[in-house]
1. Spot the failing condition for residue 338; the list is (1) in contact (Cβ under 8 Å) with a residue 60 or more places away in the chain; (2) closer than 23 Å to residue 106 by Cα, and only one is missed.
2. Might you check whether a residue that is touching a strand residue (DSSP E or B) at 6+ places or on another chain (Cβ under 8 Å), buried (at least 24 other Cβ atoms within 10 Å of the Cβ), small (Gly, Ala, Ser) and at pLDDT 95 or above occurs anywhere in the range 208-217?
3. I'd like to check which helices (runs of 4 or more DSSP H) are fully inside the range 70-189 and have at least 3 residues that are at pLDDT 95 or above and in contact with a Phe, Trp or Tyr (Cβ under 7 Å, 6 or more places away or on another chain).
4. Looking at 221, 227, can you tell me which residue is free of Cβ contacts under 8 Å to residues at least 40 places away in the same chain and either surrounded by fewer than 21 Cβ atoms within 10 Å (Cβ to Cβ) or not basic (Lys, Arg) (or both)?
5. Can you say whether residue 109 is touching a residue at least 40 places away in the same chain (Cβ under 8 Å), crowded, with 16+ Cβ neighbours inside 10 Å and under 23 Å from the mean Cα position of the chain (by Cα), as far as the supplied structure shows?
6. Right, residue 274: touching a helix residue (DSSP H, G or I) at 6+ places or on another chain (Cβ under 9 Å), modelled with pLDDT of 95 or more and in a helix (DSSP H, G or I) or not?
7. Only one of 334, 362, 330, 341 is surrounded by 21 or more Cβ atoms within 10 Å (Cβ to Cβ) and basic (Lys, Arg); which?
8. Within the range 185-196, how many residues are charged (D, E, K, R) and surrounded by 20 or more Cβ atoms within 10 Å (Cβ to Cβ)?
Amino acid sequence: MRSRGALLLQSLLCPLWLQPFAAHATNVSSVAPVPATAAAPATETTAPPEVAPEKTAAGHTRFDLNRADIVAFVDRVSGKGLPREAVFALLAKAEPQPRIIEAMNRPAEKTLAWWEYRAHFLTAERIDAGARLWREHRELFDAIAMERHVPPEYVLGIIGVETYFGRIMGRYRVLDALTTLAFDYPARSEYFQRELEQFLLLTRTGELDAQVVLGSYAGAMGAAQFMPSSFRNYAVDESGTGHRDLWTDWADIFASVANYLQQHGWEYGQPVLAEARLGSAPDPATPTGSALNETLGALRARGMQVTSLLDDATPCMLLAAPQSDGMAYRVGFRNFYVITRYNHSPLYAMAVNDLAQALSARVLAADAP
């Protein structure tokens, strides 16, 4: 994050007609929200307004604001309280990032086997860092667990997998990432146009500075890696500072992750995963997806042995967990499904679970008499 002085200087130099989009960054107290002004819905696609030219550094490019998809996007969001001219002016500052498209086409969840993926996150160093963070904020975690009914280890499991507990939060401007994916990544352009709209709304209310805030190549932000829609819907001001800071305020970060899991149906005290063996069951088709499309009873009826005391009616999903020496299986329950609402990859959710369990064993074992 940039220094407080640098951010203040940038806000003072910002042209007055862009001020609604130039609130302080998240590690500075936010300004009062600027009321959104209603705009009449566009009846037809119109050309962008004249945007004052600015110097572009060598090797940098800009988006063509005359593109039909960009004009249509601006026309649509301008009917939701976002000034049309200001949106065009902001998009004029976005820079296409071809490397983001490359990264989207080769995510680790699709290129690594489970045992390789797990090894990346279950390192001694990461477990040490997470255990240290838990101990440093023990009272805060206890309070959040009481309020949100989500155990600390799973909040930390998510933050540990997402950003190594805030150490790796992304180096792309979120404006560049979301604009690139909204208009140069057809496979998911609709989704990223919605997220770009949500990001613009965050900047409009003064919570974020669109020209400064950094995130992942997918536009996820802060230690919790919230997408803009998640930021708007689930981030909380736990510390009571008047703004939601997912970069430097651990109270806001921890409570926001817990709130996300709670709002998606976390069942306190219930398990996430169970180990399974084929037993007499035939080799199943490689499980894919993240739907609770089985029951424990159905798996057991096919001869599978599941290490769980839950009854046969319990909804679950069968998971492939290949090891270096052969195939293995696990069973995910309701709370596993909730973790996949954060990231739909079963590998991701298994890594969160295993890191959470490792942290719990490290911290709570030390409490044992």
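The values are calculated or read from the model by the stated rules, or taken from the named source; none is laboratory data. Values in this document were obtained by computation on a predicted structure and should not be read as measured data. So basically every Cβ, Gly included, is an ideal-geometry build from the backbone, and we count neighbours across all protein chains shown.
1. Failing condition for residue 338: (2).
2. Yes - at least one qualifying residue is present in the range 208-217.
3. Numbers: elements: 84-91, 98-104, 108-111, 114-121, 124-136, 138-148, 152-163, 174-184.
In the range 70-189, 124-136, 138-148, 152-163, 174-184 are the helices (runs of 4 or more DSSP H) which contain 3 or more residues that are at pLDDT 95 or above and in contact with a Phe, Trp or Tyr (Cβ under 7 Å, 6 or more places away or on another chain).
4. Numbers: 221 fails: free of Cβ contacts under 8 Å to residues at least 40 places away in the same chain.
The conditions single out 227.
5. Details: touching a residue at least 40 places away in the same chain (Cβ under 8 Å): yes; crowded, with 16+ Cβ neighbours inside 10 Å: no; under 23 Å from the mean Cα position of the chain (by Cα): yes.
Against the criterion (touching a residue at least 40 places away in the same chain (Cβ under 8 Å), crowded, with 16+ Cβ neighbours inside 10 Å and under 23 Å from the mean Cα position of the chain (by Cα)), residue 109 does not qualify.
6. Working: touching a helix residue (DSSP H, G or I) at 6+ places or on another chain (Cβ under 9 Å): yes; modelled with pLDDT of 95 or more: yes; in a helix (DSSP H, G or I): no.
No, not satisfied.
7. Working: 334 fails: surrounded by 21 or more Cβ atoms within 10 Å (Cβ to Cβ); 362 fails: surrounded by 21 or more Cβ atoms within 10 Å (Cβ to Cβ); 341 fails: surrounded by 21 or more Cβ atoms within 10 Å (Cβ to Cβ).
The conditions single out 330.
8. Within the range 185-196, the subset charged (D, E, K, R) is 188, 190, 194-195.
Still in the running and surrounded by 20 or more Cβ atoms within 10 Å (Cβ to Cβ): 195.
Result for the range 185-196: 1.
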